[in-house]
Amino acid sequence: MRFRWLAAFPLLYAALFAAVAGWLGGNRHALDLFIPGQRIAVRILAAAGCCLAVSVFARGDHLRRAWLLLGWGAVLILLRDVLRLLPPFQAGGSGGVGTQVLLSGLGVLSNFSLLAGIWELARSWKMAAIELPGGRSGVLAIAALTAVLAIVVAGPEALLRGRAVLGGDWGSLIFFVSAVVDILTLCLITPLLLTAVSLRGGLFSWPWGLVTASQISWLLYDAAGTLAPHVAPGGFPLAEVFRGMGESYLFAAGAVQFLIIRHVRRAAS
């Protein structure tokens, strides 16, 4: 039952966030204070979930490495968001170019660490000799569809930012890397989802299912960046709703992984 509550938590968070953001409404100053605060809160949750998952695996374990990479990604982007609140690190602040380079570097490292962690989780089915449903043709068809969706949603942003970087706008580098990493990680939804389906009915399907939900939330986050002006009331931070869901689903996945391994060990002893 507690797994279901953890799975429902990101949806409850999204509803609460939407209610608060709607209540603040036209108070732009209050909204500008609320959004960075809740962003840091969900970053902390994501990092905490990954740390919980890491703590139940021994050194050298494949899944420990996967959760450790995801954890480092969460910590680095959290550090970046905290630094951005400090005056020297804000746009036009006294820190100069060096501070912006540091922020971009943290963002790039975070994206690559998250990508590596998702890759490690996505290939777990092969290492554990799990047979994915649908056969080879079914897997390829779903993978192709996912890749097309990822390119349609995140491709325009990657192209725009890539052109800006080539034009000398190095401030766009982090956004370009983030868009490209989004495309790659979204392509990995297929093995994550099919692993969860293969393990359905068992405890171990929960972490993969929740990580899949996290990745789908990031797909919606990318889509919201384009669609928000057309589907949301003026000024409503729709993308932030899905950002929070992506981070809180990662927290839920890590917490569930921790609880499952602890339960299995207690049962075995």
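The values are calculated or read from the model by the stated rules, or taken from the named source; none is laboratory data. Quantities reported herein were computed from a predicted structural model and do not represent experimental measurements. Only protein heavy atoms, including side chains, enter the accessible area calculation; ligands, DNA and RNA are left aside. Shrake-Rupley method; radii C 1.70, N 1.55, O 1.52, S 1.80 Å.
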Region 1-124, accessible surface, carbon-and-sulfur percent (1.4 angstrom probe): 72
D (Stokes-Einstein, µm²/s), Kirkwood Cα radius, region 1-76, 1.567 mPa s at 4 °C: 90
Computed Kirkwood radius, in angstrom, where 1/r is averaged over Cα pairs of region 29-113: 14.0
Carbon/sulfur fraction of accessible area - region 144-222, other protein chains in place, 1.4 Å, %: 75
Rounded accessible area per residue of region 1-124, 1.4 Å, Å²: 52
Accessible-area value, Trp206, 1.4 Å probe, nucleic acids and ligands omitted, Å²: 70
